[in-house]
1. Residue farthest toward the positive end of the dipole of the chain, with Cβ of Lys/Arg at +1 and Asp/Glu at -1: which of ALA64, THR169, THR140?
2. Of the beta bridges DSSP finds with both residues in the chain, what % are antiparallel, to the nearest 5?
3. Treating only the Cβ atoms of Lys and Arg (+1) and Asp and Glu (-1) as charged, compute the dipole magnitude of the chain about its Cα centre; round to the nearest 20 debye.
4. Which Cα, out of HIS34, VAL47, THR131, lies furthest along the positive dipole direction of the chain (beta carbon charges, K/R +1, D/E -1)?
5. May I ask for the Kirkwood hydrodynamic radius of the chain, worked out over all distinct Cα pairs and given in angstroms to one decimal?
6. Pulled fully out, how much extra length does the chain show between GLN89 and TRP14, if you take 0.36 nm times their separation in residues and subtract their Cα-Cα distance?
7. Select from PHE108, ALA22, GLN89 the residue farthest towards the positive end of the dipole of the chain; place +1 on Cβ of Lys and Arg, -1 on Cβ of Asp and Glu, and compute about the Cα centre.
8. Name the long-range amide H neighbours of VAL170: under 5 Å, sequence gap of 5 or more, or other chain; modelled H, no Pro or chain starts.
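Each reported figure results from applying straightforward, stated rules to the coordinates on display, with no laboratory input. Since the structure is predicted, the reported quantities are computational estimates derived from the model, not experimental observations. Ideal geometry is used to build each Cβ from the backbone, glycine not excepted, and the neighbour counts take in all protein chains shown.
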Amino acid sequence: MDRPTADVSVRIAWPADAAAIAAIQVAVWRTSYHTLVPPDLLERLPVDEFSAHWEQSIGRPKEARQRVLVALERATVRGFTTTSPSTDQDADPGRDGEIGEIVVDPAFRGLGHGSRLLHAAVDTMRADRFTRGLIWLASTDDALRGFLDSQGWAPDGAYRELDLEGDGTVTVKQVRLHTALGD
């Protein structure tokens with residue numbers, strides 16, 4: 001008996017994906033960061049500005065190795081990830097690639113989109129000749145940390161604090177994980 005196969009994939013993002021990426025980004029921030037970020041800040045997230053930013057970032061990346069990938073179910077964007085050379089002060093931009101974000105629509109988690117995105121991001125960084133992958137995540141994001149840990153990522157001892165409002169009133173502590181990108 002033939003069984004149907006899922007119509008899922010990951011591809012390089014197109015500028016036309018920008019609105020879907022922005023909508024997912026805002027939905028994830030509102031569900032995942034509600035304990036870290038004040039509700040009024042989450043409600044003010046400018047979806048239209050995010051969409052314009054994503055369209056620019058996808059259509060005219062600042063760096064040749066800056067990529068945006070999308071997870072698709074049929075033709076619908078369900079998540080996204082970004083890769084680029086790391087800009088951390090202690091990183092070597094020639095060998096250290098960074099996943100800037102790995103985000104899956106909360107309504108479609110647990111269906112393999114995150115795994116496909118992570119594997120595509122790692123493959124992309126390898127193709128760009130990076131030998132180490134880095135990612136920053138909120139120190140309280142146990143779900144993402146557990147997922148990354150299960151995929152071979154581990155803390156490297158680096159940490160930072162992001163100032164979301166620029167005045168010290170809303171900060172998010174982050175830890176950095178890394179993995180070797182060998183064959």
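1. Towards the positive end, the residue furthest out is ALA64.
2. Numbers: 32 of 36 bridges.
So the antiparallel bridges in the chain amount to around 90 percent.
3. 560 debye
4. THR131
5. Over the chain, the inverse of the mean reciprocal pair distance is 17.2 Å.
6. Numbers: separation 75, 0.36 × 75 = 27.00 nm, distance 3.05 nm.
Difference between extended and current length: 24.0 nm.
7. Working it through, the farthest residue towards the positive pole turns out to be PHE108.
8. The list, which skips near neighbours in sequence, is LEU164, GLU165.
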